[in-house]
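Quick note: the coordinates plus some simple rules give every number you see, no bench work behind them. Quantities reported herein were computed from a predicted structural model and do not represent experimental measurements. Counting neighbours? That spans all protein chains shown, and the Cβs are built from the backbone with ideal geometry, glycine included.
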Ligand SMILES: [Zn+2]
């Protein structure tokens, strides 16, 4: 099902014409209304009228998270405050959060682009959707909430946490769609098991639309099996809009980008050069139709690549591959680049361990040490030393194959590692920052 079929199946020419028109307009608006952009443009020696083709986008300066922090709270808004009807803020782990604003038109656009992604993920007006994202300054819950209502689904604004109650609502209200982070969905499935609830028999779940953190194909397979659903992933970030930038259709082969509103480039994170389709690099996004906070060439630090060919669902909107990591999540261990997602795929491909893990990096005697803690699926294994050792060695050798470095593998009892109701925090880097 499509939400806006005309644009979702539009020709490349139609999309690009729309992008260029909106880009020109956004450049003009930020130059005239946002002092930070006027300075950035002037420093780069560029004027809004220099943008004559989409190719000229690469002449524009980048925007980074610090630009939002430096202008906290409202310094990057391009409209007077009376036009702003909503603000959200990112969950800044240190210091002040980054604040984003929306006009009424922005909110309408947001719910439409997200509605397209919900339809792509299988949602129809017949569905009952449970939003298990936290409602608040975080964009996740509101982004999905209004989109689902726009489609005509029945929305349960459950918010995150209180997992047993979530499951009760799911059963009693016959929830068909679960909205959450993949790590919370996994935790919900575990609590279901403890409560003796079998999703295949006791629930009506059909789809899971997951976002706010990246996950691997192995994690998807686990969630689909445990919850008896088709799981799709969607992508976005508050600085750009919140969820709604891109999302998978049920073919699960990359996330369709809402290209008429968000122009996505992939750059080499070191040189800033734009990379061709298919080459992995850092995702850079321009939100060209936003009124309150138009943002140009925002460096997301997320790593992905573009997939230009037409999808079998009929959508012509370009896709971006699942995020494989963040350039700042990347750990450099003994000079080797390590992404937590690589470790996750090794762990989740083993039957004997649970998809709960922690990664710890230490420096001992000037040498980086990587430790991976993972939960056993069955605690009886703890009594079988030879089996335990075999499993440990197997994981160790699989990790060595993927990462080219040695890791210490620690197998722990079931249900002992931390569970997450929002975004998972699985990496602890104990090395002193230089
Ligand atoms: Zn598709």
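Would you mind telling me which residue in 387, 204, 322 has the biggest mean-square fluctuation in a Gaussian network model of the chain, where springs connect alpha carbons within a distance under 10 angstrom? Of the options given, 387 has the highest mean-square fluctuation. Using the Cβ-Cβ distance between residue 365 and residue 86 with R0 set to 45 Å, the FRET efficiency works out to roughly 0.30.
Modelled spin-label separation between residue 71 and residue 265, with each label point placed 7 Å from Cα along the Cα-to-Cβ direction: 1.8 nm. By the beta-carbon count within 10 Å of each Cβ, the least crowded to most crowded order of 398, 43, fewest first, is 43, 398. The antiparallel fraction among DSSP beta bridges confined to the chain stands at about 65%. Determine, from the Cβ-Cβ distance of residue 428 and residue 250 and an R0 of 51 Å, the FRET efficiency 1/(1 + (r/R0)^6), rounded to the nearest 0.05. With a Förster radius of 51 Å, E is 0.90. Among 88, 261, 126, a tally of other beta-carbon atoms within 10 Å of each Cβ gives an order, fewest to most, of 126, 88, 261. Annotation for residue 349 and residue 194: the two label points, set 7 Å from Cα along the Cα-Cβ direction, are 3.1 nm apart.
In this rough spin-label picture, where each label sits 7 Å from Cα along the Cβ direction, the residue 417-residue 397 distance is 2.2 nm. Rounded to the nearest 0.05, the FRET efficiency derived from the C-beta distance between residue 16 and residue 274 at R0 = 25 Å is 0.95. Between the range 152-181 and the range 20-94, what's the alpha-carbon centroid distance in Å? Going from one Cα centre to the other spans 37 Å. Averaging the Cα positions of each part gives two centres, and for the range 255-304 and the range 347-408 these lie 35 Å apart.
Of the residues 318, 52, 290, 310, the one with the fewest other Cβ atoms within 10 Å heads the list, and the complete ranking is 52, 310, 318, 290. Using bins of 10 Å that start at zero, the share of Cα-Cα pairs per bin across the chain amounts to 4, 21, 30, 26, 15, 4, 1, 0, in whole %. Considering the range 331-429, its Cα convex hull presents a mean projected area of 6.5 nm².
Just to be sure I understand: with springs between alpha-carbon atoms less than 10 Å apart, which residue in 274, 123, 284 has the highest mean-square fluctuation in the Gaussian network model of the chain? Looking only at 274, 123, 284, the largest GNM fluctuation is found for 274.
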